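Reviewing the structure listed below.
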Amino acid sequence: MISAEMKREISEANRRRYEQLRAAGQEATPKALPDATALDAKPIAPEAVISRERVPADWYATVRLRRGEALRIIDDVGMSSVSMIGWRAEETSERINCADTVKVQWSAAISKGRVVLSDMGRVFVSIVEDTSGAHDLMVGGSTRASTLAAFGVALRNTHDNFLAAAAKIGLGLRDIPPCVTFFAPVSVDAKGAFHWNANRKRPGDFVDLRAEMDVVVVLSNCAHPLNPVRPPVSGPVTLIRHRAPPAAPDDACRTISPEIVRAYEFTDRLYA
Amino acid sequence: MTDLATASPGSEAGAVYRHDIPAECPWSRVLKRGQTLRIVDSEGQQAVDALLYCADDPAERYSAQDTLRVQGSAYIDLGTRLVSNKGRVMARITGDSCGRHDTSAGCCSCESNAVRFGETTKYQHACRENFIMELAKHGLTKRDIVANLNFFMNVPIDPSGNFTVVDGISAPGNYVDITADMDVIFVISNCPQVNNPCNGFNPTPIRVAIWEPPAL
């Protein structure tokens, strides 16, 4: 049995360490975050392209990425939002975890230089290029109920898309975690209310997600539930699976913070 | 709204079930439609992680994103409807002497602790260990763990997106009441985290009590 005094000392040591981590995560990291990618920068070399797919509005695609491959997601006309869930290919009980993603990075705003974490303390994908920086991890995708409430009629929606995509690889409702939605400029005000910042969407916005493990991802191209445009307007998105340079020791995502350095180390051990 | 919410804090008159959940331990029970569960932060500054499953079909479960989308804001407060992954209201917050609870930060796990606080913390007890053990009693597994509720946990999100777990704001005896809209399996992990301020760096016991719906 430890004494009350010793317990208090342990508590105080834990508090000091937490305060140091918070300072490093919120003061040092934002300075180190790379600038957004320019719209016309970073064309993909033709020989690096593995496959290409255009997903019409309201539909979905399932993409397998091997570790080291990347997926470019392009909002062709600047009117789409793309919701993503995903699982580790060899062990689908491991999947993306939005809560750990924001908690570990001290930020609900993901952008170039950040990562999406799995629920096992590993890096699922890294955001190696990003022209937008306006993505949502809190509100999630559209559902039958959200389309009914917004448009008076149930439309194709992200929840049903995820269910259909999961079913085709032997998974179901129990396997669908909270999603990340790209090109969804949601912010939170001081009272906690969500806002949609339409001026942060542009035609041609793209993200490049580099897979840090073998993954299966589902991308759903449905209007985000907070998008106020009525009737819903959307457009196609382009997906380009391509070979990316490996995450070198000085890689911007790998080295962004002590937490993420560790997450990469744990991920590397899967493949050591 | 039941009379319960306006009952004097700490009063357990009429409760059909009372139980102290020790520090760091899990708990679960089926909460029948209309019943109200009160969770009391007995000693203050204690985060309580919670998950809800539809008792008739546990594939239907609490969904943080559906809940936040429906209410249009980021925190759990008095009146919040807890929405399932099928868009149905599972329960609602009918009493709250604390104010502002989190549902975006998830639960702690050995694996995320190792990432956040260093590898030595991998071998410390965590909420996900609690959830796995408690869910097993209901035939559920890790696969069924989704983004949970964090009662008495203060996670302000600023407009830049900054996201921080700060000191718990709950005082000894603060409580939250959850009234079920359907029969739910209510699962709690009394959070064992010692590496951040959600438990004041010192996990403590909590108390739960259940009331039947008021007679019409």
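Laboratory data are not the source of any read-out in this text; all were calculated from the coordinates shown. Keep in mind that what you see is a predicted model, and the values were worked out from it rather than measured. Counting neighbours? That spans all protein chains shown, and the Cβs are built from the backbone with ideal geometry, glycine included.
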Please pull out the direction-averaged projected area of the stretch A:39-173, using the convex hull of its alpha-carbon atoms, in nm² to one decimal place. 9.4 nm²
Sequence-distant residues sharing a close amide H with A:S142 (under 5 Å, placed H): A:T158, A:H159
Where labels lie 7 Å past Cα in the beta-carbon direction, separation of A:A149 and B:S11 in nm: 3.5 nm
Percentage relative contact order, chain A, counting C-alpha pairs under 8 Å, at least six apart: 35 percent
To the nearest µm²/s, what D does Stokes-Einstein give for the stretch B:33-187 at 20 °C and 1.002 mPa s, using the Kirkwood radius over alpha carbon pairs as Rh? 133 µm²/s
For a footprinting-style exposure proxy, rank A:H135, B:H138 by other Cβ within 10 Å, fewest first. B:H138, A:H135
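For every helix of n ≥ 4 consecutive DSSP H residues, a contribution of -39,500 (n - 2.57) applies; sum these over chain A, divide by its total residues, and give [θ] at 222 nm rounded to the nearest 500 deg cm²/dmol.
Values: 6 runs with 63 residues, N = 272.
Counting only the DSSP helices, I get -7000 deg cm²/dmol.
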Rounded to the nearest 500, the 222 nm mean residue ellipticity computed for chain B from DSSP H runs (n ≥ 4, each -39500 (n - 2.57)) alone is -3500 deg cm²/dmol
Distance histogram for chain A (every C-alpha pair counted, 10 angstrom bins, percent rounded to whole numbers): 7, 29, 35, 20, 7, 3, 1
Among A:D189, A:D175, A:D136, what is the fewest-to-most ranking by other Cβ atoms within 10 Å? A:D189, A:D175, A:D136
Quick calc: nm separation of the 7 Å Cα→Cβ label points for A:A41 and B:D181 -> 4.7 nm
Set Lys and Arg Cβ to +1 and Asp and Glu Cβ to -1, take the dipole of the stretch B:22-211 about its Cα centre, and tell me which of B:I169, B:P192, B:I39 lies farthest positive. B:I39
How would you rank A:E265, B:E134, going from fewest to most other Cβ atoms within 10 Å of each one's own Cβ? A:E265, B:E134
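Provide the FRET efficiency to the nearest 0.05 for the A:R202-B:H19 pair, computing r from the beta carbons and using R0 = 41 Å.
On the way: r = 55 Å, r/R0 = 1.34.
Rounded to the nearest 0.05, the efficiency is 0.15.
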Could you calculate the FRET efficiency of A:I169 with A:E27 from 1/(1 + (r/R0)^6), where r is the beta carbon distance between them and R0 is 41 Å, rounded to 0.05? 0.45
By how many nm would the segment from B:D56 to B:N202 grow when fully extended, if each residue of separation counts as 0.36 nm and the alpha-carbon distance is taken off? 48.9 nm
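State to the nearest 20 debye the size of the charge dipole of the protein assembly as shown about its Cα centre, where the only charges are +1 on K and R beta carbons and -1 on D and E beta carbons. Please report the intermediate quantities before stating the final value.
Numbers: 54 positive and 58 negative charges, 151 e Å.
That gives the protein assembly as shown a dipole magnitude of about 720 debye.
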Given the options A:A45, A:A193, A:A134, state which has the largest fluctuation in a GNM of chain A using a 10 Å cut-off (strictly under) for Cα springs. A:A193
Within the stretch A:36-128, DSSP-loop GluC sites (Glu not before Pro) with at most 12 other C-beta atoms within 10 Å are A:E90
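Ignore the peptide's own chain and count Cβ atoms of other chains within 10 Å of each Cβ in A:96-106; give me the average, rounded. Write down the numbers at each step before the final one.
On the way: counts 0, 7, 5, 12, 10, 1, 8, 13, 4, 2, 6.
Counting Cβ atoms of other protein chains within 10 Å of each residue's Cβ and averaging gives 6.
Over chain B, what is the relative contact order in whole percent, taking alpha-carbon pairs under 8 Å and six or more residues apart? Working shown, then result.
Working: 537 pairs, mean separation 91.1, N = 216.
Normalised by residue count, the contact order of chain B is 42 percent.
When averaged across all projection directions, what area in nm² does the alpha-carbon convex hull of the protein assembly as shown cover?
Details: hull surface 91.6 nm².
One quarter of the hull surface, i.e. the mean projection, equals 22.9 nm².
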Using a 10 angstrom cutoff on alpha carbons, build the Gaussian network for chain A and name the most mobile of A:N199, A:N161, A:N14. A:N14
When chain A is treated as a GNM, springs tying every alpha-carbon pair under 10 Å, which of A:N221, A:N157, A:N197 comes out with the largest mean-square fluctuation? A:N197
